[in-house]
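Chemist: One structure follows; several queries about it will come next.
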Amino acid sequence: MAASSSVTAFHSLRPPDGAFDEDAALATLRHEDPVHWEDPPGWWLITRHADVKHISRNPGIFSSRPRGPWHALESRFSMQADDGPTHRATRSVVSRAFTPRAVARLARSALAYTDEAIDGLITRGRCDIVEDIAIPVPMRVIADILGLESEMELFRAWTHTLTGAFQDDRTPDTARQQAAANDFSAYVRSVVRERSARPGEDLISAMLASEGEGVLQSFARDPLPGVPPGDGVLGFIAFLVAAGSETTRHGIAQGIRALLAWPGQHTLLRARPELMDSAVEEILRWTTPGRALRRTVMSTTELRGKTLRAGDSVVMLYRSANRDEEVFADPECFRVDRQPNEHLSFGIGTHFCLGANLARMELRVTLERILQRLPELRLDPDSPPRHFASSLVDGLASLPALFTPAGPDHGTRGGSSQGRTRL
Ligand code: HEM
């Protein structure tokens, strides 16, 4: 294998910073060395769609439990980093929050939150899609799922702390961040006391009721910065917030950015709104909000002629799988009518994303309302988008945009004249 500089540049799995063309580097890996040993840090980089599928579908060989040395790519504190009976038990409890009926109910909330966010900015003529819409909407939906919506400000301050922790893989280092984490954990502890005594319909109550079956164990094992060790409930909340709000946030923001970058596709979607479902799938493929996840090899195995030994780490690069020429025609083109679209943005197999339908719904509702209610949306030429750097997710820290402001009589909550959103 010719180790080109673009291949070795994957060393730290840093997102592109302008000097590094990540897609070109991924294409080089796919063609020249699709199962690539990178040392340091000492892991296999997996770039082909078929191989990511194979690894995800064979948990007996490729374990989700972290067994080797830690590194930045571990999501090590959660059900995502678990296997076997405890994973199945946890999954069956958590999945109750994501039934089609539950998602339909949450769609009404997502629509209301999106309209509230847009009502707050519609007369301004400018906004930051990330800060004003893509952060608050998914976060409020998760707060609903957990039954924590009464303390949104605490929740928001704490999620900022978590985001910081994800961004640079360090313990929050400012007194303010630590205070936000302390306030939030005190609040969660009071909620746990209350729900233990009087269970509700929310997911925290369901988790507490099933605690004896080991469902909170994997969240207690080795939690996020800012979460005290051994605190399964807080570990669980930290995981769900990260899994469900960071990713969806970047999908919404990068989705809008993609539509603005491909005006022909934007026009097509406006002309044919029935394409919204396939547009959402293409946004998921194109933006791939979850960049990479790791597995540990359990017994020596072969992949494309390479020997992977027990204990080795493999890193599945979802963005590369989603641009694999063997599966996608013209993978570098963003096409809202792409069919079929077998992207792997939600993974596949035993850990397939439990929030996939929720995320699809949130993307559809927010994008529909943004397109319906913010006419002539365009990038702000004086304020370019800022990239969000993380080894786990890929997205935007800000997306400043301009639009034609509505007059004072614009109405609230997206009156019927502003277009309909399917629930
Ligand atoms: C665009 C948004 C999202 C993306 C790209 C995404 C992506 C993923 C991926 C790649 C996995 C892991 C697959 C694996 O290990 O094989 C995953 C797992 C998971 N996701 Fe998502 N996700 C998104 C939204 C959400 C939302 C909204 C929620 C819930 C509020 C959520 C909850 C979960 C959970 C609970 C798991 C763990 C499943 C398991 O380990 O069995 N995700 N997600």
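The numbers here are math on the coordinates, done by the rules we state, and not lab data. If you're wondering where the values come from, they're calculated on a predicted model, not measured in any experiment. Please note: Cβ atoms are built from the backbone with ideal geometry, for glycine as well, and neighbour counts cover all protein chains shown.
Chemist: Order of VAL365, VAL94 from fewest to most other C-beta atoms within 10 Å?
Modeler: Values: VAL365 27, VAL94 21.
Lowest count first: VAL94, VAL365.
Chemist: Taking the Cβ of PHE346 as the centre, find all other residues whose Cβ is under 12 Å away and add up their charges (Lys, Arg: +1; Asp, Glu: -1). Walk me through the intermediate numbers first.
Modeler: Details: positive: ARG285, ARG360; negative: GLU281, GLU342.
For residues surrounding PHE346, the net value is 0.
Chemist: Rounded, prolate or oblate: which one fits segment 43-406, using the alpha carbon gyration tensor with axes a ≥ b ≥ c (rounded when a/c is under 1.5, else prolate when a/b beats b/c, else oblate)? Please report the intermediate quantities before stating the final value.
Modeler: Values: a/c = 1.69, a/b = 1.12, b/c = 1.50.
It is oblate, given that a/c is not under 1.5 and a/b is not larger than b/c.
Chemist: If you add up the charges near LEU203, with Lys and Arg at +1 and Asp and Glu at -1, over every other residue whose beta carbon is less than 14 angstrom from its beta carbon, what do you get?
Modeler: Details: positive: ARG91, ARG96, ARG105, ARG195; negative: ASP144, GLU149, GLU201, ASP202, GLU211.
Residues near LEU203 contribute -1 overall.
Chemist: May I ask you to compute the full-extension gain from ARG272 to ALA24, defined as 0.36 nm times their residue separation minus their alpha-carbon distance, rounded to one decimal in nm?
Modeler: Values: separation 248, 0.36 × 248 = 89.28 nm, distance 3.24 nm.
Length gained between ARG272 and ALA24: 86.0 nm.
Chemist: Under the Karplus relation 6.51 cos²θ - 1.76 cosθ + 1.60, θ = phi - 60°, what is the ordered set of whole-Hz ³J(HN,Hα) values for segment 347-355, x standing for Gly and Pro?
Modeler: So the J values, rounded to whole Hz, are x, 7, x, 4, 9, 3, 3, 6, x.
Chemist: Shifting gears a bit: Most exposed first by the Cβ proxy, i.e. fewest other Cβ within 10 Å, how do LYS53, LYS306 rank? Don't skip to the answer; put the middle values down first.
Modeler: Values: LYS53 18, LYS306 13.
In increasing order of surrounding Cβ atoms, one gets LYS306, LYS53.
Chemist: Taking amide hydrogens as modeled 1.01 Å from N in the peptide plane, which residues meet the under 5 Å criterion relative to TRP37, leaving out close sequence neighbours?
Modeler: LEU45
Chemist: Using amide H atoms built 1.01 Å from N in the peptide plane, name the residues 5+ places from LEU293, or on other chains, whose amide H lies under 5 Å from its own.
Modeler: The answer is MET316, TYR318.
Chemist: State, as an integer percentage, the relative contact order of segment 43-406 based on alpha-carbon contacts under 8 Å between residues 6 or more apart.
Modeler: Values: 595 pairs, mean separation 105.7, N = 364.
So the answer I get is 29 percent.
Chemist: Suppose a student asked you for the relative contact order of segment 74-153, using Cα pairs under 8 Å spaced at least 6 residues apart; what percent would you report?
Modeler: Details: 26 pairs, mean separation 19.0, N = 80.
Relative CO of segment 74-153 lands at 24 percent.
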